[in-house]
Amino acid sequence: MNLSDIRRRRCSLLPTPCSPLPESGFTLLEILAVLALIGLALAVTAFSLDGGLQRAKLDASGRDIAAALRHTRTRALVEHRAQWFTLDLKARSFESPGRAPQDIPADTTLHVTTAAQDAKKPGIARIRFFPDGSSTGGHIELARSKREVRIDVDWLTGAVAMSEKP
């Protein structure tokens, strides 16, 4: 005996007739509401992923510059002579000794503060590292989509530190 047989038997015993079984399924309105919610969820997810991607690109650029600065300091210590980290603001690239220049993404805002004595050409910023590990110091700020990464070079120790602003 299945469910419909049980229902028919129960209905025959009642003094008032039973209503027929409702048809199973969804109405068009329910389907449209679910599709609208799925579309909204996808839009929110895509928007948050894009912000995460922008953040990741900014962080990667900051880490690359910090690594190049540390590499330059290490070269100065190992070779016992001054080494320069060079940042070309017009070409939007940076270079450390013995390595090929690397590009900075075009949509990243760049601000650099370095010692005036190492600025030989307009649009070129340089940070010099000495054989004892010290440096001329300075900082580099990268900004993109309301986020900012700052890379500081301590003049006394030559230490490179990267910090983020939300």
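The values are calculated or read from the model by the stated rules, or taken from the named source; none is laboratory data. Quantities reported herein were computed from a predicted structural model and do not represent experimental measurements. Note: ideal-geometry Cβ built from the backbone for every residue, glycine included; neighbour counts use all protein chains shown.
Annotations for the structure displayed:
- Applying the criterion of being in a loop (DSSP other than H, G, I, E, B) and without any contact (Cβ under 8 Å) to a residue 40 or more places away in the chain to the residues of the range 116-130, the residue that is surrounded by the fewest Cβ atoms within 10 Å (Cβ to Cβ) is PRO122.
- Residue count, the range 134-162 (criterion: of a type outside the set (Asp, Glu), outside any strand (DSSP E or B) and out of contact with any Lys or Arg (no Cβ under 6 Å at 6 or more places or on another chain)): 8
- All positions within the range 103-140 that are under 15 Å from the mean Cα position of the chain (by Cα) and modelled with pLDDT of 90 or more: ILE104, PRO105, THR108, THR109
- Within the range 79-102, being in contact with a helix residue (DSSP H, G or I) (Cβ under 8 Å, 6 or more places away or on another chain), in a loop (DSSP other than H, G, I, E, B) and charged (D, E, K, R) holds for one residue alone: ARG99.
- Residue that is surrounded by the fewest Cβ atoms within 10 Å (Cβ to Cβ) [pool: residues in the range 62-75 that are free of Cβ contacts under 8 Å to residues at least 60 places away in the same chain and of a type in the set (A, V, I, L, M, F, W, C)]: ALA67
- Criterion: at negative phi and surrounded by 13 or more Cβ atoms within 10 Å (Cβ to Cβ) - qualifying residue of ALA143, ALA106: ALA143
- Of the residues VAL112, VAL160, the single one that is touching a residue at least 24 places away in the same chain (Cβ under 8 Å), surrounded by 13 or more Cβ atoms within 10 Å (Cβ to Cβ), β-branched (Val, Ile, Thr) and under 17 Å from LEU89 (Cβ atoms) is VAL112.
- Verdict on VAL149 being surrounded by 13 or more Cβ atoms within 10 Å (Cβ to Cβ), touching a helix residue (DSSP H, G or I) at 6+ places or on another chain (Cβ under 9 Å) and more than 27 Å from GLU79 (Cβ to Cβ): yes
- Residue that is farthest from the chain's Cα centre (by Cα) [pool: residues in the range 41-95 that are among the hydroxyl-bearing types (Ser, Thr, Tyr) and modelled with pLDDT of 85 or more]: THR74
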